[in-house]
Each structure stands twice: as C-alpha cells, then as structure tokens.
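Student: Quick one: the structure is below, questions incoming.
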Amino acid sequence: QVQLVESGGGLVQAGGSLRLSCAASTRTFPYTMGWFRQAPEKEREFVAGISRYRITKHYGDSVKGRFTISRDNAQTTVYLQMNSLTPEDTAVYYCAADSRSSGVRTSEHEYEYWGQGTQVTVSS
C-alpha cells in the first residue's frame, strides 16, 4: 500500500508559477507516477506522467510546454512544475501511482493509488 500526499497548491495570479509535490510513503521506484486535475463540474483530466525509470514523460495537450514533471533521486517525491498559469488551470490536482505498468499511463483507471488532492486557483 502506498500513501501519497500532495502539497504546494494555492492561489496565484495568471502568468505565475507553482510547484506541486507528491510525497510517497515508500520509495516510488517501482511505480509509474502521474498528475491529474479536476475542475468543478468537469471530468478528471490527465496532466502529466513519468515512467518508473524516468525514461518517459508524457503531458496532456493543454499543459505541454508549460508544465514539467520530475521525480527526485531518492525516488520518494514527484514534482509538477507549473509555469505560465492561466485561470483554466484552476482545479484540484491529484497525484497517482501505479505499480503494474512500466510506461506512462494517461487514464485515471490505470492508476492504483491516489492522493487527497491539492487546490490550485489561478486568478485573472
């Protein structure tokens, strides 16, 4: 069982940046990691994912070129650097982990473990 805890959310003006962190209760080395987000009255959306060996990264179309996913050398924390934020990025951001896949997964149904989420609000 893996517990995931997100942090780093908050209120930021359009054009600003935030860095989200996802701390795992165990080394995340065997896990594919992902970030998703859900805005009010919208479905959960894939944001970014990183494969277990950090070889592959994949981004949702709406964040390409603005967001960067990474994981630390100790393999216990995953980050989401978010730049050039817009009000459309306002959502609850969730971290997710999957132990069964080696490559990046973009569907929420393919992830086993989820954090509680952290709110990101971008003002215009």
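The values are calculated or read from the model by the stated rules, or taken from the named source; none is laboratory data. Here the structure is a predicted model, which is why all the values come from computation and not from measurement. All Cβ positions, even for glycine, are placed from backbone atoms using ideal geometry, and neighbour counts span all protein chains on display. Note: accessible area is taken over every heavy atom of the protein model, side chains too, but ligands, DNA and RNA are not part of it. Shrake-Rupley method; radii C 1.70, N 1.55, O 1.52, S 1.80 Å.
Student: Conditions first: (1) assigned to a strand (DSSP E or B); (2) more than 21 Å from L11 (Cα to Cα). Q119 passes all but one, so which condition is the exception?
Tutor: Tallying (1) assigned to a strand (DSSP E or B); (2) more than 21 Å from L11 (Cα to Cα), Q119 fails exactly one: (2).
Student: Have a look at Y53, Y59, Y94 and point out the one that is hydroxyl-bearing (S, T, Y) and in contact with an Asp or Glu (Cβ under 9 Å, 6 or more places away or on another chain).
Tutor: Just one listed residue meets the conditions, Y94.
Student: Just name the residue that is nearest to D72 (Cα to Cα) out of those in segment 1-14 that are in a loop (DSSP other than H, G, I, E, B) and either touching a helix residue (DSSP H, G or I) at 6+ places or on another chain (Cβ under 7 Å) or open to solvent by 60 Å² or more (accessible area, probe 1.4 Å) (or both).
Tutor: Q3
Student: Restricting segment 104-124 to residues that are of a type in the set (G, A, S) and over 14 Å from the mean Cα position of the chain (by Cα), which is most open to solvent (accessible area, probe 1.4 Å)?
Tutor: It comes out as S124.
Student: Okay, moving on. Across segment 39-59, which residue is farthest from the chain's Cα centre (by Cα) among those that are closer than 19 Å to L85 by Cα and open to solvent by less than 60 Å² (accessible area, probe 1.4 Å)?
Tutor: A39
Student: Another question, if that's okay. Select, from Q81, Q75, Q116, the only residue that is more than 17 Å from L18 (Cβ to Cβ) and modelled with pLDDT of 95 or more.
Tutor: Going through Q81, Q75, Q116 in turn, the sole match is Q116.
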